Structure formats: C-alpha cells, structure tokens
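Take a look at the structure set out below.
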Amino acid sequence: MSDIAELEKQLSDFDPSRRREALQTLVDLARQGKVTFPPETDVVNMHCHTFFSFNAYGYSPTAMAWLAKRRGFRAVGIVDFDVLDGVEEFLEACDLLEVRGAAGLETRVYIPEYGDREINSPGEPGICYHIGIGFISGQAPAEVAGTLEGMRRRAAQRNQEIVARVNAYLDPVTVDYQRDVLPLSPAGNPTERHIVLAYIQAAARRYPDPAGFWAEKLAMPRSQIEEMIQDSAGFQNLIRSRLMKRGGVGYITPSPAMFPTLGELNRLIHACGALSCCAWLDGFSETERDAQGWLAFQVSNGAVALNIVPDRNWNVADEELRRQKVARLHEIIAAAGELHLPILVGTEMNSFGQKLVDDFDAPALAPYRQRFLDGAYFVVGHTLLQRALGLGYHSPWAREHFPERRCRNDFFTEVGRRAPAGARGTALFRSLGPSPSPQDILRALGS
C-alpha cells in the first residue's frame, strides 16, 4: 500500500513524464487487481482547479482524474484560472481511467453594461468571474490566441505589482518573483496563494521564529499568531486576507484594462468549440438579486450553462444567513430552469477547507441531485462528440439537427449519460463515420 500511496503522490509531480509514468503504473496495478475502484455513485464535481492555477491539495489534472476514479464520481471537470494548460493531460487521463471528464478555464472579465454594479466579484463593480467549459485542446485558434495569451500576461503583471507592493511593506522579508514565486507553479501561472506561500517561506528563512515578525506586520497579538501558525491553511488565508484582498497593501483596484471583456472571452470560448458558462456567487449583489434578468443577459451574450458552488450557499453556521442563502439558491436554480440552462456544480478545491465533492444528500441540495448530474452529463456529452467528430454543441451539425436550444441540451445530456466513459466513448462515435445522424448516435448507445 505504501508503494501505491507513493505513486498517487507522484501523480502531482511537476514533471509531466513522472505523472504519466505513475498513472500508467497505477492502471497496470488495477488491471492486476492490486488497486480496486468503488462503484460509481451519484456525485459529480465539475469545478476543480488543478495545480496549473491553484489546488489546495496540490492535485494535477492527472491526479484529479484519478481522484474521481478512486472515489466513484459520475463525472469530474477541471477549471483553471486564465490558462488551458491542463486540458490535454486531463482528458488523456480520463481516457485511460474510463472517467467522464470535461475541461475548462475561469477568469475575470469586464462587462461595460454593468460597469456601475457589483456582479460576483465583491466590491468590484463591472468585474465578473466567468467560465468556459468543454475545451478539447489547450491551443486556441490563431484568431483568438491573443486573448488567451493576454489573460496569462495580465495575470503575471498583476502578480508582479502585488509582489512589489507587499515587498515594500514587509521589508526586510521580500521575495523575487522569478526566483521565489514562479517555481511554485508547474507552468509559470502562479496565483495570490502561491505568492503568500513564498512570503511565508521567506520569513521562515530570515527568522528562526517568525511569529514576532508576522505579529507586527499583521497588527495582531503574538500569541494569536503563534496559535494560527500551527494551522498552515488558516495562516495562509489570514495573510492573503490582510495583505492582498481589498484594504490590504497589495490590493490592486481592478480597472477595465486589466481583464478581457465578456465579449472577447466568449469569442475565445466559442472559437475553441467550448461552452460559455455564467458563474454565480450567492445572489446577494445588486446584479445577482435579479436572477432572471442577469441570466437572460448572459444568455443573450452566448452563455449556455450556469455554474454554482453549492457548499457556500447552504453550509454556513448562522441560521438566518443560511436561510437567506438557500432561498437565493432556489431562486437561481428556478431561473436557470426557465431559461433552459444546464447547471454545473463543484467545490473549486482552490481554497483550504473546501470539500472534495458536494454533499448531494444535504436537504438544500437533495431536490436538485438529478439537475446537477444532468449538467455534468451535458458537458461530458458535448466533450465526447467534439473530440470524436467535431460535432459539439455549437457545431453546424448540432444547430441543424437541434435548432431549439432545449432540445439540443437534452440530446447532449443523453449522450453524456449513455456513452461509455473515456476512450471507449470517442472510439464508438468515430466508428459511426464523419457525420452520423442523432438517431444513429443514440441507437449506437443503446438503452
């Protein structure tokens, strides 16, 4: 068992060849009966960040596919900030493991029409988190490649400005972006959380006992800092909150120039054959309180699905706040249903303490279990047909056969539900020829 644990750890090695080697060895062990997998259960996590942005558990795309197999997920989806670096690796791992998978990215965009209103990025009017899901490649077509590269470049620029500001405040504890921060990310796409870790490491190098330093810089009692340092995750969150979030010395007030517009991002998503997905926070902002109006605006601009992180919308200690959050959760799900938007759910896994998978047995979520499963099947069905034949959701083939969006949703959901997972699914579709009819596809899938 120790060898298996070591191989599972190797799945998240920064060296891609070591990740591939570990996965193949684990698959071979499974074929020999030395690793077993549980039956699938009715759970999915379609919003998992990997270490190509930040995963609180350190998981690579390969490790995420393995986690889904080992835990019996019906489906799993990765979503990284600003990059598509993990797409091929993840889908190839899903092929090998026979896991239903989908890959995407998340970024912040500027929406001019909402420039004076808060949307889903607290305290930042006009700025909106948005998701593209159902990518099959990490490469973007030439006509939109500049948008993808610009997202990576602007993220790096923001990071370096944060480091310059925090260095000035924490001096003599400083970090060098190239030397101390970039190596913490496997492909040069660090986040604020990587920067926090770099400062913690720098303080530990300079001071044998860094509690006094942090107590002074964070304006907190030393005894409290000493206690918090024992909780590595909580301490990292504290530093990020005090230094880099709104009100902190490293906080950068967002401006429209810092992000692509929603239109630019959607053009990138559509050119890649992927799906534009509205990201919902909690229903408390001025924009999200009008659930119907907000989703209608998104649909008019190309969104075909809705993403929710359910745990933060019911799993809160305060009873009255929980009641309000659950009520807003019900409202957004109802609004999505009226507009025929499949719902993708997940836990993100990019912050310490977030779950590996949502609890669909929780009273607030149980009534929507099938909706959540169907949302996963929907994007899996799109991914399978897009990879196999180029007949994804936005293809001329799909639009010709299913001009009504609701019917197109139902078809791709049924494909995702019934198709064999992994490489067997794409192989089956390719065996039908270049342009089978929807009836041919469903007949091949059986009942």
Excluding residues fewer than 8 positions from Lys217 in its own chain, the lysines with Cα under 25 Å of it are Lys245
The chain: relative contact order from alpha carbon pairs under 8 Å, six or more residues apart, as a whole percent, is 17 percent
quick note, the chain, DSSP beta bridge pairs, % antiparallel (nearest 5) is 40 percent
The lysines whose Cα lies under 30 Å from the Cα of Lys69, excluding any fewer than 8 residues away in the same chain, are Lys9, Lys34, Lys355
By the mean-Cβ-within-10 Å protection proxy, highest first, 28-35, 395-402, 118-125, 369-376 rank as 369-376, 118-125, 395-402, 28-35
Given unit charges at Cβ for Lys, Arg (+) and Asp, Glu (-), the dipole magnitude of the chain about its Cα centre in debye, nearest 20, is 440 debye
Scalar couplings 3J(HN,Hα) for segment 366-371 by Karplus 6.51 cos²θ - 1.76 cosθ + 1.60 (θ = phi - 60°), nearest whole Hz, x for Gly and Pro, are 3, x, 10, 3, 5, 4
Comparing Val249, Val43, Val83 in a Gaussian network model of the chain (Cα, 10 Å), the one with the largest mean-square fluctuation is Val249
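Pop the C-beta distance of Ala233 and Ala142 into the FRET formula with R0 = 35 Å and round what comes out to the nearest 0.05. Provide the component values of the computation, followed by the final result.
Numbers: r = 42 Å, r/R0 = 1.19.
E(calc), rounded to 0.05, equals 0.25.
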Rg/Rh over Cα atoms for segment 317-389, Kirkwood Rh, comes to 1.04
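Compute the FRET efficiency between Phe352 and Gln178 as 1/(1 + (r/R0)^6), taking r as their Cβ-Cβ distance and R0 = 35 Å, and round to the nearest 0.05.
Once rounded, the FRET efficiency stands at 0.85.
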When the charge dipole of the chain is computed with +1 at the Cβ of Lys and Arg and -1 at the Cβ of Asp and Glu, the Cα pointing farthest to the positive end, of Ala203, Leu275, Ala336, is that of Leu275
Rounded to whole angstrom, the alpha-carbon centroid of segment 286-365 lies from that of segment 204-275 at a distance of 24 Å
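I need the calculated FRET efficiency for the pair Val316 and Arg369, taking r as the beta carbon distance and R₀ as 22 Å, to the nearest 0.05. Write down the numbers at each step before the final one.
On the way: r = 21 Å, r/R0 = 0.94.
Efficiency for this residue pair is about 0.60.
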Answer check: the chain, Cα atoms, Kirkwood Rh, Rg/Rh ratio of 0.97
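Every read-out reported here was derived from the displayed coordinates using simple, explicitly stated rules and does not represent laboratory data. Fair warning: this is a prediction, and the values are worked out from it, not measured in the lab. As a convention, Cβ positions derive from the backbone with ideal geometry for all residues, glycine included, and neighbour counts pool all protein chains shown.
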